[in-house]
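The values are calculated or read from the model by the stated rules, or taken from the named source; none is laboratory data. All values reported here derive from a predicted model rather than from experimental measurement. Here the Cβ is made from the backbone with ideal geometry for all residues, glycine too, and neighbour counts use every protein chain on show. For accessibility, only protein heavy atoms count, side chains too; no ligands or nucleic acids. Shrake-Rupley method; radii C 1.70, N 1.55, O 1.52, S 1.80 Å.
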Amino acid sequence: MSYPTVRLRPKAEARAIRHGFPWVYADELVTDRRTQALSPGALAVLEDAERRAMGLVTVNPASKIIARMLDRDPDATIDEGWFAARLSRALALRARLFDGPFYRLIHAEADGLPGVVIDRFGDAAVIQPNAAWAEAHLPALEAALVSVTGVTTVIKNGAGRARSLEGLTEEIVVLRGGLQGPVPVPMNGATYMADLTGGQKTGLFYDQRPNHAFGARLARGASVLDVFTHVGGFALAALAGGAGRALGVDASGPALALAEAGAAAGGMADRFATRQGDAFEVLEALGAEGARFDLVICDPPAFAPSKPALEAGLRAYERLARLAAPLVAPGGFLGLCSCSHAADLSAFRNACARGIGRGGRRGQLIHTGVAGPDHPVLPQLAESGYLKALFFRLDG
């Protein structure tokens, strides 16, 4: 197949791309009229300033990340077989890591499919094609996914900020098969109910699995408060680990209903309660009520999803820690999480420490968690390591 070519500017960092960095920024590429005329998601051969081929990229002239590396072979053909090879490699890792088919199968650039997320729920899979090139090649990706994994239901979740940045419309479509309600997902001894067509993201957050497990170790015999619980999050794992009781807080009524269904499925309904409302308002109300818990965990959505939002996001994390810390019983534990790309670990940790101090408490940082191994990190791309979970033991 003959592809058009795009070329790096002389001052672009070609060495970084050769060593594995997967992105080319708009100011690094020669953007003549021919390049500007390429449609979003078009394939092209990337050349360095000396016109030496570097690999096959996908191009979006309207994006700040104007090109993303797909294959180091400039003659690669992006077809079902190409997708099958990437999927097979990803599947081999997950099959080694997990006993059951419940995991993130594809984690974008780190698994060689830029802008693509695939979560597996047994015989069902949810694809998030968040880049224009993936949308254009979705039929081949879907066919390869079914061939490699044997799933019988495939859902396209085309929602979210990333798609709008790529000029793509939002839609959720069942591409193959069908569902009869939420899917039960076993994880850390608990059962979670995942709504694959109407829930947040793909229906469940697999990335927190190891952090749920760590929290459960702290929860034996404890009272637990799980803020931003979604479909049960830390609370159900804590109950499975022997917590005496847990309260799950979330703004979403449908998410809390799924959390309650999960607790019932796991035989834990008598130890689980929910409270719907704005997290900050509920924390303030619990403080006014004099409530105390042995373990408090806050796992909010991204408060700092981009660099312009960083300062406000860090203030929000600090406020969350300030309101949560007084609710921890003496000698108890506080878990604070961030999935913000823009807030690095140091900035997030400092905001949490400030908030704990402003809440009148002092603490030891006893554990720093990241996403599970089904969310691999591309070492050259810091953005692929987004999740941070800090656990503190507070003064007693």
(request) With N denoting the number of residues in segment 4-108, provide Rg(C-alpha) divided by 2.2 N^0.38 Å, to two decimal places. (result) 1.23
(request) Send over the per residue convex hull volume for segment 282-338, Cα only, as a whole number of Å³. (result) 69 Å³
(message) Sequence gap at least 6, Cα distance under 8 Å: using those rules, report the relative contact order of segment 218-284 to the nearest whole percent.
(response) 33 percent
(request) Show me 86-94, 204-212, 149-157, 231-239 ranked by packing, highest mean number of other Cβ atoms within 10 Å first. (result) 231-239, 204-212, 149-157, 86-94
(request) Note the angle between two axes, namely the Cα long axis of helix 279-289 and the longest principal axis of the Cα atoms of the chain, as a number of degrees from 0 to 90, rounded to the nearest 10. (result) 10 degrees
(message) Compute the angle between helix 345-358 and the longest alpha-carbon principal axis of the chain, please, reported from 0 to 90 degrees and rounded to the nearest 10.
(response) 20 degrees
(request) Could you work out the equivalent-ellipsoid semi-axes for segment 115-157, taking the square root of 5 times each eigenvalue of the Cα gyration tensor, largest first, in whole Å? (result) 17, 11, 7
(message) If Rh is defined by the Kirkwood formula over all Cα pairs and Rg also comes from Cα, what ratio Rg/Rh do you get for segment 205-300?
(response) 0.93
(request) Give me D for the chain in µm² s⁻¹, whole number, from Stokes-Einstein with Rh from the Kirkwood sum over alpha-carbon pairs, 37 °C and 0.692 mPa s. (result) 147 µm²/s
(message) Could you tell me the extents of segment 306-396's C-alpha atoms along the three principal axes, largest first, rounded to whole Å?
(response) 41, 29, 15
(request) Run the 1.4 Å probe and let me know the accessible area of Val282, rounded to the nearest 10 Å². (result) 10 Å²
(request) Could you please state how large a percent of the accessible area of the chain is carbon and sulfur, counting protein chains only and using a 1.4 Å probe? (result) 52 percent
(message) What percentages make up the Cα-Cα pair-distance distribution of segment 84-194 when the bins are 10 Å wide from 0?
(response) 14, 48, 33, 5, 0
(message) Can you compute the helix-only [θ] at 222 nm over the chain? Use -39500 (n - 2.57) per DSSP H run of at least 4 residues, normalise by all residues, nearest 500 deg cm²/dmol.
(response) -9000 deg cm²/dmol
(message) Highest mean first, how do 24-32, 189-197 rank when packing is the count of other Cβ atoms within 10 Å averaged over residues?
(response) 189-197, 24-32
(request) Counting only heavy atoms of the protein chains, get the accessible area per residue of the chain (1.4 Å probe) and round it to a whole Å² value. (result) 42 Å²
